[in-house]
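**Student:** This is the structure, below, for whatever I ask next.
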Amino acid sequence: MEWPRLAAEGTILSDVTPPAWAERVLRLVVRHDHHLNVSGDLLEAYREIIYPSRGRGGADRWYTWQIAQFVWLSVRRWSVLFSAVFIGRTMLDWLVPPNDFANRAMVTTWMAAAIVAIPALGAAFRCRSAASGIFAAVACVGLAAPLSIAGVAMILAIWLDSTTLVAIRNSGGLPEALTLPILVALPATVIGIFAGIAGATASRLISPDDQPIR
């Protein structure tokens, strides 16, 4: 094999690069002052170790998996918390239905908005990028969605009976419970826009440097 021989001799495959979109995502989740080091380490491993042994497809999959781990680590706590709030609210609505859902809905809506806004603010501040805030907000609810849907399915599997079916219908129906975790991506994007601008601006004001807000 030619590529392993070249890599073993220390030849840098400078014309081999990972997917451009993955590099852009990495920039959105890594601190602005750490990005060059992290990106450089990943690129070195991609070119000198992974590409020669696995080829283009395997190397791209490896790089994508590394980026996915960075994304997960950046929002995992908030995604789990968002999912827990959704599952808890669903469980209460179905097993302990109130006479009026409005108050409960208002409380959980504000809780969910805060859970999305906090990682968005933090990401924008760390990465000095409004786009990082938007990405963090969408990633938070996107990763929470399968957890939330799995939780709803578990509630159905454990507590499905005629009383629960009535409560499900009164609370908006099963389709709403299964699709809402996905539909919240739109309001999460809006929250991410405002939180991203606020976080990036605050970062620039607190520790200004020559890097522009992206």
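Bear in mind these aren't lab numbers, they're just calculated from the coordinates by the rules spelled out. No experiment lies behind these values; they were computed from the predicted model shown. We place every Cβ from the backbone using ideal geometry, glycine too, and count neighbours over all the protein chains shown.
**Student:** Which condition number does A195 fail, the rest of (1) more than 17 Å from F86 (Cβ to Cβ); (2) surrounded by fewer than 15 Cβ atoms within 10 Å (Cβ to Cβ); (3) touching a residue at least 24 places away in the same chain (Cβ under 8 Å) being met?
**Tutor:** (2)
**Student:** Quick check: is even one residue across the stretch 31-42 surrounded by 14 or more Cβ atoms within 10 Å (Cβ to Cβ), of a type outside the set (F, W, Y) and not in a helix (DSSP H, G or I)?
**Tutor:** If we filter the stretch 31-42 for residues that are surrounded by 14 or more Cβ atoms within 10 Å (Cβ to Cβ), which is where we start, we get 31-32, 35, 38-39, 42.
After this cut, where a residue has to be of a type outside the set (F, W, Y) as well, the list is 31-32, 35, 38-39, 42.
Subset that is not in a helix (DSSP H, G or I): 31-32.
Yes, the conditions are met somewhere in the stretch 31-42.
**Student:** Any residue that is of a type in the set (A, V, I, L, M), out of contact with any Lys or Arg (no Cβ under 7 Å at 6 or more places or on another chain) and within 19 Å of V75 (Cα to Cα) - is there at least one of those in the stretch 102-111? Please lay out each step first, then the result.
**Tutor:** So the first thing to find is which residues in the stretch 102-111 are of a type in the set (A, V, I, L, M), and the list is 102, 105-107, 111.
From what is left, the residues that are out of contact with any Lys or Arg (no Cβ under 7 Å at 6 or more places or on another chain) are 102, 105-107, 111.
This time we only want the ones that are within 19 Å of V75 (Cα to Cα), so: 111.
The answer is yes; a qualifying residue exists.
**Student:** Can you pull out the residues in the stretch 17-26 that are in a helix (DSSP H, G or I) and over 16 Å from A120 (Cβ atoms)? Give the steps one after another, and end with the answer.
**Tutor:** Within the stretch 17-26, the subset in a helix (DSSP H, G or I) is 20-26.
Passing the criteria: A20, W21, A22, E23, R24, L26.
**Student:** Is one or more of the residues making up the stretch 99-107 within 28 Å of I206 (Cα to Cα) and among the charged types (D, E, K, R)? Full working, then the answer.
**Tutor:** Narrowing the stretch 99-107 to residues within 28 Å of I206 (Cα to Cα): none.
Within the stretch 99-107, none of the residues are within 28 Å of I206 (Cα to Cα) and among the charged types (D, E, K, R).
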